[in-house]
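A.B. asks: The structure is given below, and queries will be raised subsequently.
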Amino acid sequence: MSRLRNLHDADVSIWLDSLSRDLLDGGAFARLIDDCWVTGATSNPTIFAAAISGSERYDAQLQHLVRAGTDDPQELFFALALDDVGRAADLLLGVHQLSGGRDGFVSFECTPDLADDTDATVAQALELWERLSRPNVMIKVPATAAGIAAIEELTYLGVNVNVTLLFSLERYEQSVEAYLAGLERRRAAGSPLSQVTSVASLFVSRLDGKADALLPAGSPLAGKIAVANALTVYAAYTERFSGERWQALEQAGARRQRPLWASTATKNPAYSDLLYVEELVTPGAINTMPLSTLRAFTDHGTPARPADPRKTLQAARSQLDLAAIADELEQEGVQAFRASYRQVLELLDAKAAKARSGKELAAPDANAHGNALTGHSTDNQIGAV
């Protein structure tokens, strides 16, 4: 595990970009925490759609819920997913406590149909926060215009927020401002600042995918823009969380909103499979990796010294409208999550109808499903790390 230890020693937290009952029931998630320096986990509608559709481990609980009178597919989804999030958070509670509340979080996302509705996002985030009722959970809110307003309000109300679907420096700056403004409102109201925190999740690889398609063939900028964008965000992070304004909040107990590198699995097979991990070893940040990327780093990962991003971004801006690309990626991200969410609700509705008809849902097979670390059964999935 020495390669993962190198990231940890560089003050980069390793969070798992995956969560499922297969991981939890087989003990694999606990072993990732104990043996692989994993100190957090994230989820989203796509992750849970894959988890619930790809496993029978949810069927017994689903059948019980339906027979107890729960009919609404969204409520069925919440019951299943929040159970997983709560179990994962309980497993990470020791990490959370040992880190002084800096690490050990699990994130769960507001439903994507609310991405353009500030008030509904705040209301649902509060409901989810209260249902989970744990200090080491975060509610994910997309960095849409409506989401930014919700982030300030939720911070003021004491909810830990994972700002998601960030693609640009502009939106990142807005998320920081929302967090700081929420903290300042809490301080003015006499509420404690040390009990609330946030992360800002910048999606990395998707930017290269979109930008590369617009560059001329053979451009030296191909595969370079996303890392440069992230490093520019990191520079803004170091600047915003210093100076008089931040120092006043920090002295009152406030915690930094840490940058989180998301979408770090390499999409282009021509690039290194660890491009968005090795090139983003930035102290204080978080890298959330799918199991395949975690496995790859364990095998051959070597942290690199971050390069100066300024020349790359200057050249990129001379050829591409990066703001327009970021806006397009934001909308595509929301739509993709909406599609995944509809998919899982349709699946749950169909399974609920089957349960209501008196038919038994299939019993789970503990070894029926492979895993992303080894391709073998859940019980063996940590063996290759």
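A.B. asks: Quick check on segment 59-84: of everything there that is within 11 Å of S20 (Cβ to Cβ) and touching a Ser or Thr at 6+ places or on another chain (Cβ under 9 Å), which residue is surrounded by the most Cβ atoms within 10 Å (Cβ to Cβ)?
C.D. replies: D84
A.B. asks: Starting from residues that are assigned to a loop (DSSP other than H, G, I, E, B) and of a type in the set (S, T, Y), keep the ones in segment 34-82 and report whichever is nearest to L93 (Cα to Cα).
C.D. replies: If we take residues in segment 34-82 being assigned to a loop (DSSP other than H, G, I, E, B) and of a type in the set (S, T, Y), then T42 is nearest to L93 (Cα to Cα).
A.B. asks: So A226 clears everything in (1) out of contact with any strand residue (DSSP E or B) (no Cβ under 8 Å at 6 or more places or on another chain); (2) within 25 Å of N136 (Cα to Cα); (3) surrounded by 18 or more Cβ atoms within 10 Å (Cβ to Cβ) except one condition, right? Which one?
C.D. replies: The failed condition is (2).
A.B. asks: Given the conditions (1) assigned to a strand (DSSP E or B); (2) over 19 Å from the mean Cα position of the chain (by Cα), report the number of the one that Q195 does not fulfil.
C.D. replies: (1) is the only condition that Q195 fails.
A.B. asks: Residues being of a type outside the set (A, V, I, L, M, F, W, C), under 21 Å from R258 (Cα atoms) and under 16 Å from the mean Cα position of the chain (by Cα): count how many of those fall in segment 88-142.
C.D. replies: Final tally of qualifying residues: 8.
A.B. asks: Continuing with the same structure: Look at A123 and say whether it is within 19 Å of A336 (Cα to Cα) and part of a helix (DSSP H, G or I).
C.D. replies: no
A.B. asks: All but one of (1) crowded, with 24+ Cβ neighbours inside 10 Å; (2) within 25 Å of E127 (Cβ to Cβ); (3) touching a Lys or Arg at 6+ places or on another chain (Cβ under 9 Å) hold for Y156, so report the exception by its number.
C.D. replies: (1)
A.B. asks: A355 - would you say it is farther than 30 Å from V204 by Cα, at pLDDT 60 or above and of a type in the set (A, V, I, L, M, F, W, C)?
C.D. replies: Spelling it out, A355 is indeed farther than 30 Å from V204 by Cα, at pLDDT 60 or above and of a type in the set (A, V, I, L, M, F, W, C).
A.B. asks: Filter segment 30-83 for residues that are out of contact with any helix residue (DSSP H, G or I) (no Cβ under 9 Å at 6 or more places or on another chain) and closer than 20 Å to V334 by Cα and give the result.
C.D. replies: The one that is out of contact with any helix residue (DSSP H, G or I) (no Cβ under 9 Å at 6 or more places or on another chain) and closer than 20 Å to V334 by Cα: T42.
A.B. asks: Can you list the helices (runs of 4 or more DSSP H) lying wholly within segment 233-341 that have 2 or more residues being under 21 Å from the mean Cα position of the chain (by Cα) and under 26 Å from P112 (Cβ atoms)?
C.D. replies: It comes to 291-300.
A.B. asks: Sort through T282, T264, T312, T288 and tell me the only one that's farther than 21 Å from N162 by Cα, in contact (Cβ under 8 Å) with a residue 12 or more places away in the chain and of a type in the set (V, I, T).
C.D. replies: One residue alone meets the criteria, T312.
A.B. asks: With L329, L275 as the choices, which residue is more than 25 Å from V176 (Cβ to Cβ) and either modelled with pLDDT of 95 or more or of a type in the set (A, V, I, L, M, F, W, C) (or both)?
C.D. replies: Matching residue, one of L329, L275: L275.
A.B. asks: Additional query: State all residues of segment 127-140 that are hydrophobic (A, V, I, L, M, F, W, C) and either under 19 Å from L193 (Cβ atoms) or touching a Pro at 6+ places or on another chain (Cβ under 7 Å) (or both); if no residue qualifies, say none.
C.D. replies: W129, V137, M138, I139
A.B. asks: Next question, about the same structure. Can you spot a residue in segment 105-114 that is surrounded by fewer than 19 Cβ atoms within 10 Å (Cβ to Cβ), out of contact with any helix residue (DSSP H, G or I) (no Cβ under 7 Å at 6 or more places or on another chain) and under 22 Å from N136 (Cα atoms)?
C.D. replies: Among the residues of segment 105-114, not one is surrounded by fewer than 19 Cβ atoms within 10 Å (Cβ to Cβ), out of contact with any helix residue (DSSP H, G or I) (no Cβ under 7 Å at 6 or more places or on another chain) and under 22 Å from N136 (Cα atoms), which makes the answer no.
A.B. asks: Out of segment 203-232, which residues are closer than 14 Å to S263 by Cα, under 20 Å from the mean Cα position of the chain (by Cα) and not hydroxyl-bearing (S, T, Y)?
C.D. replies: Hits for segment 203-232 are F203, V204, R206, L207, D208, G209, A226, V227, N229, A230.
A.B. asks: Looking only at segment 234-247, count every residue that is out of contact with any Asp or Glu (no Cβ under 9 Å at 6 or more places or on another chain) and either surrounded by 16 or more Cβ atoms within 10 Å (Cβ to Cβ) or modelled with pLDDT of 95 or more (or both) and tell me the total.
C.D. replies: 9
A.B. asks: Would you be able to say whether some residue in segment 89-106 is assigned to a helix (DSSP H, G or I), within 24 Å of Y234 (Cβ to Cβ) and among the aliphatic types (A, V, I, L, M)?
C.D. replies: Within segment 89-106, one or more residues are assigned to a helix (DSSP H, G or I), within 24 Å of Y234 (Cβ to Cβ) and among the aliphatic types (A, V, I, L, M).
A.B. asks: Going by what's in this entry, would G86 be described as part of a helix (DSSP H, G or I), over 25 Å from E152 (Cα atoms) and not hydrophobic (A, V, I, L, M, F, W, C)?
C.D. replies: no
A.B. asks: Please go through (1) of a type in the set (S, T, Y); (2) out of contact with any Cys (no Cβ under 8 Å at 6 or more places or on another chain); (3) buried (at least 17 other Cβ atoms within 10 Å of the Cβ) for T121 and return the number of the only condition it doesn't satisfy.
C.D. replies: (2)
A.B. asks: Every residue in segment 19-52 that is over 11 Å from D84 (Cβ atoms), among the small types (G, A, S) and either within 17 Å of the chain's Cα centre (by Cα) or modelled with pLDDT of 95 or more (or both), please.
C.D. replies: If the condition is that a residue be over 11 Å from D84 (Cβ atoms), among the small types (G, A, S) and either within 17 Å of the chain's Cα centre (by Cα) or modelled with pLDDT of 95 or more (or both), then G27, A28, A30, G40, A49, A50 are the ones that fit.
The values are calculated or read from the model by the stated rules, or taken from the named source; none is laboratory data. Not measured: the values here are computed from a predicted model. Here the Cβ is made from the backbone with ideal geometry for all residues, glycine too, and neighbour counts use every protein chain on show.
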